[in-house]
Amino acid sequence: MLDSEREQRLDAIYSAALKQDASRRPQFLEEACGDDAALRQEIESLLGDERKLGDFLEKPALQAAGFAMAGGNERWLAGQTLGPYDLLELIGAGGMGEVWLAEQKQPVHRRVALKLIKAGMDTREVVARFESERQALALMEHPNIAKVFDAGATPQGRPYFVMEYVAGIPITEYCDQHRMTLHERLELFVHVCEGVQHAHQKAVIHRDLKPSNILVSEVDGKPVPRIIDFGLAKATSQPLSAEGMFTQAGAIVGTPTYMSPEQAGSTGVDVDTRTDVYSLGVVLYELLVGVAPLDFHKLALDEMLRRLREEEAPRPSTKARALGEASGAAAENRGCSPAGLARQLRGDLDAITLKALEKERARRYATPSELVADIVRYLRNEPVLARPARASYRTRKYLRRHRIGVAVAAGLLVVLISFGAAQTLQLRRITRERDRADRIAAFMTGMFKVSDPSAARGNSITAREILDKASKEIDTALSKDPELQAQMMQAMGDVYHSLGLFSQAQSLHTRAVDIRRRVLGPQHPDTLTSMNSLGASLAGQGRYAEAEKLNRATLEMRRRVLGPEHPDTLKSMSNLAIALRGEGRFAEAEKLNRETLEIRRRVLGPEHPDTLQSMSNLAPALHQEGRYAEAEKLNRETLEIRRRVLGPDHPDTLKSMGNLAVDLYEEGRYAEAEKLDHEAVEIQRRVSGPEHPNTLSAMNNLALILYSEGRYAEAEKLDRETLDIRRRVLGPEHLETLLSKMNLALVLDKEDRHAEAEKLLRETLDIQRRVLGPDHPRTALSTYNLGVFSVHQGNRGEALSLLQDAVDHGLPPNVDLGIEKDPDLQSLHGDPRFPALVAHAKERAAAARKPK
Amino acid sequence: MRGESHGEITELLLAWSSGEVSALDKLIPLVYAELHRLAHRYMRDQPVTHTLQTSALINEAYLRLIDCSRVRWQDRAHFLAVAARAMRRILVDYARSRKSLRRGGDYQRISLEAVATLHQARSTNLVELDEALGTLAITFPRKAQVIELRFFGGLSVQETAAVLDVSEDTVLRDWKLARVRLYHAMKRGHEHAG
């Protein structure tokens, strides 16, 4: 109580003191506190704090805690997790977006910088462009380059990049802070060039070199520059035209200070290694003189770009002199007098800097290492190549190096394209003679077969270049020999198919069918082969009804022409079954599959790849009926034979692994399933490529397993990854794309992001209804899951009606049978309507099991 | 479930307004849950470009939870007081949970209260503030409440005055004194800790 009284008194005196003029306070306090020195001291302390309060508690807690972010549209970021990254602290913000210090937990535990690109860019395109360069970026390994690890998108759709965290400051600031001499600056700059050179050798161009992307930190007491943001400019680049430089609001996003003249050109962005050399030249200029060569301050954009293209940079020594007073500070930061600075710059350093800054690319240093070589010559007092006095000698030398430079820059790509072109030229000459044409066709078929993953083990990307090129040329190149042309089209279509690029395959197969029908006749075995392939390409795209029709026609003709047990006839049977399955007609599909398997076992033998294919195709039917143990047995058997007969990396072997993983998953053996699927994904990525449909299936399944294990963040990341690629590769309305979408919705729901999940699922269901029809099992499955969402939200009535709808419209039998045990439906168990639903579902399942 | 709480919460609010103290204990968790859910939803769904306002959140909770036809306008003030208390708990709980998460809990899951550790290092430590506020409330309960209403509940001076049934001048004076007291107490905490 005493305490309380004292507090009240303290409060009263303090309030009164506040009202006093500061100069009157000491006297006032003396009077008010009397001899209570402690009280007076406390009040004085409070009065002192009053001045330091700032905005303490002024903003409501919610806002103060960080919702009002720069830009404002990503409000709840800190403490959030983006995939495997925990955002810790905002460490920078700029025109491009924000940079966060983040913590990665798997597969390695480390601190990273996460760059969140501002909203408004096409996220998918940005990430796709990054992906296209990921491999090249992964190859970079250099002490002066900060590695870029990853790219992705936030749930709100903003792209982000993850890179090595560098705790440094921009190179220009570092040099000034440490008052480094020109000599020291040049030595530091040489390391920067070496980093850029390394990247160029890996065919990566930075495109956005500037001091804020070159951070210096100290390692063992020595300054080490690290270049950040490699690969980001390309992924996020927009044409640097007037539009590109402005945001929608009309605010300018950046100045072209470090931009090369060719980047300022009006005709698209045409950059190469020399673009980086130019930017390095600007950085060098600034390191030496203290300012950038061209002043764009307060200029209209058009004028900026014009100057950039046309105005020659003044010599560094001239600029230093022209700076007047400002050069005093610059000189001091470089440990010399203004006159001394100009003197040091004049001559060699002028020449080197201006050569890097030539407007015309051909006159610049071709590579960063040439720039380095000249700097090193200067540091050693050797004559530099950039001096005009040595022009003729220099030009000869330059041209020689220049050719090499281009080759290095363009790298593998140029080699491949020119190789492809040479092949085409050769073709044109040779097709005049038929027998030689056959040979070249065989040769080319062989060449294409290299990119068939089952033969090539993963060269798909490079071979793809040849293939795309050749498929464009084939119409004109072989038009005089339609038979050969059709043969080539067939072969190329097959390769596309094995790469999982079904629409490209379809286009070539369609043309092959047309030509062969015309030239060979509609019943010729080759025509039928092309028809069969076309059916497979259609099925691959999820166009099952069309595939079914075509497969039936092909099967009928093959039976007639080749006989009912010919291997090709059996292939048509098998493919027809796949189309039926795709249409959700499980019973018919299973019947046909069993028939085919039986004939194949008898005719081709139990270990023939086709026989194994039939076994593998049969397993999903067992699944649908919940006969998981049987399916597991069948898949194990198939896997074992495939490993032995086809090898462990064969696509079919991998499919078996994936299927077996699904069986284990259904049996609730998650750990085993995860291990197997993980392995399958790894091998698939390596062998078939990261975008192959089989790789995607394995990824999808792995996500499902992670989901079932409650590892939602991982599952979400993988689902998103799969969905993005499927959307791009298979199209937004493909059966499998929609499956990924549904799965993603399920994860989001588990993450308590109900509204988002429901929206996504409803969207999916709408497309499924339209594209697959209301009776397709996948449509029914989405309906069922929507029902589950309703259960979660406590809307029993709606839930029951959705579940009923799902059961009535082709829900797969295994789900029908599982309704009773579905933990998500537990809260319906007390509802009087639930037992009727369960009974109804069981009837449906029993009916579905009987083949029609 | 939610349909049922609608009437229940109104009932509790009326009971508390008419002096039944125990109603408050039942009320707070219900309001807590609704605010929590709303904030969660805001955070997830809306690509809003403006800042999430505490008052907007509380208003929406009010409209959702309270049957407006049955309450007087004074009851709204009581609701705001409850909501501010609930917000305080949400935010402080979150700040606390972030601490323990750092030691390796279940951080896979993104949870609402990503009420940003962003400025936490630089701005107010909510856990400490909560403790200091508890101490302040012993001697100056009204001052502590002003802080709770304004800082945690996001109420304006006018609303705060209405809730506490005092003049706006009083609110401002309390506010000023309480801020400096809390600042002082928290600073001292740091000095001792350091």
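The values are calculated or read from the model by the stated rules, or taken from the named source; none is laboratory data. Keep in mind that what you see is a predicted model, and the values were worked out from it rather than measured. Cβ placement follows ideal geometry from the backbone for every residue including glycine, while neighbour counts extend to all protein chains displayed.
Structure summary
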{"item": "Given (1) within 14 Å of chain B (Cβ to nearest Cβ); (2) crowded, with 19+ Cβ neighbours inside 10 Å; (3) aliphatic (A, V, I, L, M), index of the condition residue A:755 fails", "result": "(2)"}
{"item": "Residue list for region A:286-329, filter: within 36 Å of the chain's Cα centre (by Cα) and surrounded by 14 or more Cβ atoms within 10 Å (Cβ to Cβ)", "result": "A:286, A:287, A:292, A:296, A:301, A:304, A:305, A:308, A:309"}
{"item": "Among (1) within 11 Å of chain B (Cβ to nearest Cβ); (2) in contact with an Asp or Glu (Cβ under 9 Å, 6 or more places away or on another chain), the one test that residue A:25 misses", "result": "(1)"}
{"item": "Checklist (1) at pLDDT 85 or above; (2) farther than 30 Å from residue B:78 by Cβ applied to residue B:118, failing item", "result": "(1)"}
{"item": "Among the candidates A:658, A:626, residue that is under 22 Å from residue A:579 (Cα atoms) and in contact (Cβ under 8 Å) with a residue 60 or more places away in the chain", "result": "A:626"}
{"item": "Test result for residue A:674, among the charged types (D, E, K, R), surrounded by fewer than 24 Cβ atoms within 10 Å (Cβ to Cβ) and in a loop (DSSP other than H, G, I, E, B)", "result": "no"}
{"item": "Scope region A:657-684; condition at pLDDT below 85 and of a type in the set (D, E, K, R); matching residues", "result": "A:663, A:666, A:667, A:669"}
{"item": "Out of B:82, B:163, sole residue that is away from chain A (no Cβ under 11 Å) and either within 27 Å of residue A:10 (Cα to Cα) or modelled with pLDDT under 60 (or both)", "result": "B:163"}
{"item": "Members of region A:330-365 that are in a loop (DSSP other than H, G, I, E, B) and within 45 Å of the chain's Cα centre (by Cα)", "result": "A:334, A:357, A:358, A:359, A:360, A:364, A:365"}
{"item": "Tabulated pairs, region A:138-154, first over 19 Å from residue A:214 (Cα atoms), second polar (S, T, N, Q) and crowded, with 17+ Cβ neighbours inside 10 Å, C-beta under 8 angstrom, 6+ apart or interchain", "result": "A:153/A:123"}
{"item": "Qualifying residue in region A:754-763 (condition: of a type outside the set (S, T, N, Q) and without any contact (Cβ under 8 Å) to a residue 12 or more places away in the chain)", "result": "yes"}
{"item": "Single residue of B:174, B:169 found to be surrounded by fewer than 20 Cβ atoms within 10 Å (Cβ to Cβ), more than 8 Å from chain A (Cβ to nearest Cβ) and farther than 23 Å from residue B:35 by Cβ", "result": "B:169"}
{"item": "Residue, nearest to residue A:822 (Cα to Cα), within region A:704-725, restricted to residues that are more than 17 Å from the chain's Cα centre (by Cα), within 14 Å of another protein chain (Cβ to nearest Cβ) and part of a helix (DSSP H, G or I)", "result": "A:707"}
{"item": "Residue check, residue A:533 of a type outside the set (D, E, K, R), modelled with pLDDT of 90 or more and closer than 28 Å to residue A:688 by Cβ", "result": "yes"}
{"item": "Index of the failed condition, residue A:572 passing every other in (1) closer than 30 Å to residue A:480 by Cβ; (2) buried (at least 22 other Cβ atoms within 10 Å of the Cβ)", "result": "(1)"}
{"item": "Residue A:668 within 14 Å of chain B (Cβ to nearest Cβ), surrounded by fewer than 19 Cβ atoms within 10 Å (Cβ to Cβ) and not acidic (Asp, Glu)", "result": "no"}
{"item": "Residue A:185 being in a helix (DSSP H, G or I) and among the basic types (Lys, Arg)", "result": "yes"}
{"item": "Failed item, numbered, when residue A:690 is tested on (1) crowded, with 23+ Cβ neighbours inside 10 Å; (2) under 19 Å from residue A:730 (Cα atoms)", "result": "(1)"}
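This table checks each residue for (1) modelled with pLDDT of 70 or more; (2) of a type in the set (D, E, K, R).
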site	(1), (2)
B:1	no, no
B:8	yes, yes
B:17	yes, no
B:29	yes, no
B:40	no, no
B:59	yes, no
B:74	no, no
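Yes/no per residue for (1) over 20 Å from the mean Cα position of the chain (by Cα); (2) modelled with pLDDT under 90; (3) within 14 Å of another protein chain (Cβ to nearest Cβ):
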| residue | (1), (2), (3) |
| --- | --- |
| A:145 | yes, no, no |
| A:158 | no, yes, yes |
| A:167 | yes, yes, no |
| A:175 | yes, no, no |
| A:179 | yes, yes, no |
| A:188 | yes, no, no |
